[in-house]
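Heads up, the thing below is written out as structure tokens.
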Amino acid sequence: MVKKFGGFIFVFFLVKLVFALEISPSLIYQIDTSKYQFTYDFLIKNDIPAESQITIEVIDFITDGRSYSFDDPDYKYSLKKYVQVTDKSFILAVNEQKSIKVEFNVPQNFPGATGVFALKITQESVSGGRIQVRLNYIVPFFVRFTNIPVYQSLVINDISVKDLLTEPDEKYGDYGSIITLEIENKGNIAFIPKGSIQISSRTLRAIIAELPLDSFDFVVFPERKTFYSVFVPYILPSGTIDVLLTGKSYGQDFSISGAKELKTENQFLLIQTVPDIVLFSDNTKNVTQSLVLKNLSPYKETLQASISENFISFLPKKFTVYPYREVNVNIKNNLKDFNFTGDKIYLIELSIDSGRNIRNVSPSYVVLRGKSITPSLKASLNSSQTNSILSVQNTGDCLLQFNVLYNNRMLNETPLTIFPGQTINLDFERFVRGNLLKIEYFPYGDQKKYIFDDF
């Protein structure tokens, strides 16, 4: 996650905040029914620490994977004009929950096995004359009319590949490949797959990656096209690449395939190592630890691993990495005296026999922990009327991990790692209150926790 330290500043975005509007039982609804006139209920709850004004609007919802249409009166599979909500505008107190009733009045001659629409739910909270929160939620509904025969027909019209080493992407970064499929749905039902996508090389006679298909990020609306992109952390080889999608959609099996001829010019050997931290202490100094190296490129090479000191051994001294495969390397510590303070941190370096350019996309470190450490962390909150940025600095002598809590709820999904002397900036992308914020931190690999809440 964090690969450098000592005066460097890193910015992360806490975009999945939990203090907002809780919509249950789901954020996306699939309804199976044989009826055309019926009602459906769901719940919303105000999770922000202030009273909120809620408004609900029925809208169209159609996407091609690149853009959204919320107003398409000519789309024959739209249910927008056949749906109403009973409560369109109301106030929710803090932690108040309300049931929302959706009424359907669909004509008997509706043409599709699937009908689609969405609810646009707006949440606004005002305190002291200033807007604290203004959020919009789009809640899609896919209604399957079970009495209509299903016609499922899908085809991959085109496949494109983007090499991120030569064309970095703001979302996915600067290594790996983005594979984009143009898929056309010629049927009368939405394609909402649960299954897998397999990417293989005819030249190498090998499966490069197999990824799950179980997300509403990938939906092909009836009689529409969708562009669906998947990221793989690999340099793809020259030759023919096959893409195979298999699984079920609305209970029906599907198998869709396509192929793309590639000419790969990138000659980098791309390596990924885990774990990012290999920790030795006085208690574990005689324990042999393991490092896993994964080859993210189509090349076979022989490597060596080392650090800048000679008291760490890597076994075997030389090892071969095969295309898209993993290899395990043992790490042994030969230092006996841990009578020092703080952490000594060393980058694991990789060298290659052939001279080919090599890049480790997730560098790993050996950390030697002295018998005495001083964990210390400072943080500050800088806010404007609409945004807050949390600045966290490791002021101690050891590697730390930390969690950000707001109103006693953890915002980050996994602990963030911060090196001695390093500063990390966390952008909330909205205004937050310092009196509800605190940092829970602890030495890497330790269970003892500390709290910083001096905001």
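The values are calculated or read from the model by the stated rules, or taken from the named source; none is laboratory data. Just so it is clear, the model here is predicted, and its values are computed rather than measured. Note that we place each Cβ from the backbone using ideal geometry, even for glycine, and neighbour counts take in every protein chain shown.
Within the range 170-203, being aliphatic (A, V, I, L, M) and part of a strand (DSSP E or B) holds for I178, I179, L181, I183, I197, I199.
Of the candidates I48, I44, the single residue that is at negative phi, in contact with a strand residue (DSSP E or B) (Cβ under 9 Å, 6 or more places away or on another chain) and outside any loop (DSSP other than H, G, I, E, B) is I44. Residues that are over 13 Å from G247 (Cα atoms) and either of a type in the set (F, W, Y) or within 24 Å of the chain's Cα centre (by Cα) (or both) within the range 203-213 comprise I207, I208, A209, listed in sequence order. The single condition among (1) in a loop (DSSP other than H, G, I, E, B); (2) touching a strand residue (DSSP E or B) at 6+ places or on another chain (Cβ under 7 Å); (3) more than 30 Å from T146 (Cβ to Cβ); (4) not hydrophobic (A, V, I, L, M, F, W, C) that P222 does not meet is (3). Of the residues that sit in the range 229-239 and are part of a strand (DSSP E or B) and of a type in the set (V, I, T), which one is farthest from S215 (Cα to Cα)? Among them, the one singled out is V232.
Six or more apart or on different chains, Cβ under 6 Å: which pairs go from a residue in the range 313-330 that's free of Cβ contacts under 8 Å to residues at least 12 places away in the same chain to one that's surrounded by 12 or more Cβ atoms within 10 Å (Cβ to Cβ)? Could you list them? Listed pairs, sorted by first residue: none to list. The sole residue among K101, K88 that is under 26 Å from S52 (Cα atoms) and in contact with an Asp or Glu (Cβ under 6 Å, 6 or more places away or on another chain) is K101. Of all the residues in the range 158-202, those that are under 16 Å from T240 (Cα atoms), polar (S, T, N, Q) and in contact with a Gly (Cβ under 9 Å, 6 or more places away or on another chain) number 2. Do we find a residue being in a loop (DSSP other than H, G, I, E, B), in contact (Cβ under 8 Å) with a residue 24 or more places away in the chain, surrounded by 13 or more Cβ atoms within 10 Å (Cβ to Cβ) and touching a Ser or Thr at 6+ places or on another chain (Cβ under 7 Å) anywhere in the range 240-259? No, there is no match, as no residue in the range 240-259 is in a loop (DSSP other than H, G, I, E, B), in contact (Cβ under 8 Å) with a residue 24 or more places away in the chain, surrounded by 13 or more Cβ atoms within 10 Å (Cβ to Cβ) and touching a Ser or Thr at 6+ places or on another chain (Cβ under 7 Å).
Within the range 4-40, being over 19 Å from the mean Cα position of the chain (by Cα), assigned to a loop (DSSP other than H, G, I, E, B) and modelled with pLDDT under 50 holds for K4, F5, G6, G7, F8.
Evaluating T284 against the criteria (1) surrounded by fewer than 19 Cβ atoms within 10 Å (Cβ to Cβ); (2) part of a strand (DSSP E or B); (3) hydroxyl-bearing (S, T, Y) leaves one unmet condition, (2).
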